[in-house]
Amino acid sequence: MQLAKPRLDIGLSTNDIGPMLAFWQGEAGIPFDHLLPIRRGQDQHRHDVLGSVLKINHHAAPLPAAAPSGYLELMIAREGLSEVRALADPEGNRVSLVPPGHEGVTQIGVRLGVRDLDAHRRFYGEALGLPEERPGAFRAGESLILLEADPEAPADAGMQGTGWRYITFQVFKVDDEHAAVLAKGGREALAPVTLGTTARISMVRDPDGNWIELSQRASIVGSLA
């Protein structure tokens with residue numbers, strides 16, 4: 001996969017935006033960037049995390065009481081720390097502020113619990129084409145994906161529900177990357193679609209069904225063609 005931005009983005013969903021913004025902007029110290037209306041009843045509060053985007057999606061309609069996804073934790077490298085500071089937001093989403101270099105995290109890391117470690121190593125290494133720095137640790141530019149075996153991980157993770165729900169790769173040609181992932185065993189969740197003049201996106205799923213967005217964003221690549 002050819003990344004148009006050398007960093008991952010990550011998205012979570014909530015029905016109760018006030019306490020979530022207070023936590024992420026206050027206790028976690030993540031700067032707010034801007035508000036992006038997605039559709040009627042859904043607004044995305046975008047925050048800058050060392051060049052990655054933390055997308056806090058506020059849904060006006062009640063979200064289903066769904067099982068969590070396999071995305072377990074966001075790790076953020078924070079200068080000046082000498083030890084890990086483990087936190088959780090008001091809805092239990094885990095975030096750790098870590099000394100730069102902790103477990104290889106120099107920018108952000110996403111910890112992902114998986115049922116079959118070998119299957120996911122093949123998916124992230126072959127279907128997504130990410131370099132594996134050490135067993136189960138995949139580099140996406142400056143960001144890191146950390147796989148860990150978890151027998152309690154979902155077998156068919158859903159997009160709807162509160163909490164961590166997806167990660168995003170910014171790419172140059174979403175149609176090409178989407179087709180390449182499917183050709184190497186990825187599952188399609190959403191075929192490529194253009195969102196006005198903002199982006200052309202698609203969704204694929206890993207072996208446990210965790211959702212992964214591929215995004216060709218006009219502000220990054222200049223064209224949606």
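Net charge in the neighbourhood of G196 (other residues with Cβ under 15 Å of its Cβ; Lys, Arg +1, Asp, Glu -1) is +4.
In the range 81-225, the portion of solvent-accessible area held by carbon and sulfur atoms comes to 50 percent [1.4 Å probe, whole percent, DNA, RNA and ligands not counted]. Look at the dipole of the chain built from charges on Cβ: of P37, L12, T162, the Cα furthest out on the positive end belongs to P37.
Within the range 5-84, DSSP assigns beta bridges of which about 75% are antiparallel (rounded to the nearest 5). Along the chain, the exposed loop sites are GluC sites (Glu not before Pro) outside DSSP states H, G, I, E and B with at most 12 other Cβ atoms within 10 Å, and the longest stretch free of them is 1-78.
Secondary-structure-derived ellipticity at 222 nm for the chain, considering helices only, amounts to -3000 deg cm²/dmol, per-run term -39500 (n - 2.57) for DSSP H runs with n ≥ 4. Within a straight-line Cα-Cα reach of under 12 Å, K184 can be paired with the following aspartates and glutamates, leaving aside sequence neighbours fewer than 8 residues apart in one chain: E126, D206. Over the chain, what is the percentage of antiparallel beta bridges among all DSSP beta bridges, to the nearest 5? Once the DSSP bridges in the chain are tallied, antiparallel ones form about 70 percent. Segment E188..D156, full-extension length gain: 10.2 nm, with 0.36 nm per residue of separation and the alpha-carbon distance subtracted. Taking a Cβ cut-off of under 9 Å around P19, the surrounding Lys, Arg, Asp and Glu residues balance to a net charge of -3, with basic ones at +1 and acidic ones at -1.
Over the range 1-124, Cα pairs under 8 Å with separation of 6+ residues give a relative contact order of 21 percent. Heavy atoms of the protein chains alone define the surface here; on that basis the range 74-225 has 43 Å² accessible area per residue at 1.4 Å probe size.
The values are calculated or read from the model by the stated rules, or taken from the named source; none is laboratory data. Computed from a predicted model, the values in this text were never measured in an experiment. Cβ sites come from the backbone with ideal geometry, for glycine too, and all protein chains shown count toward neighbours. Accessible surface is based on the protein model in full, side chains and every heavy atom, while ligands, DNA and RNA are left aside. Shrake-Rupley method; radii C 1.70, N 1.55, O 1.52, S 1.80 Å.
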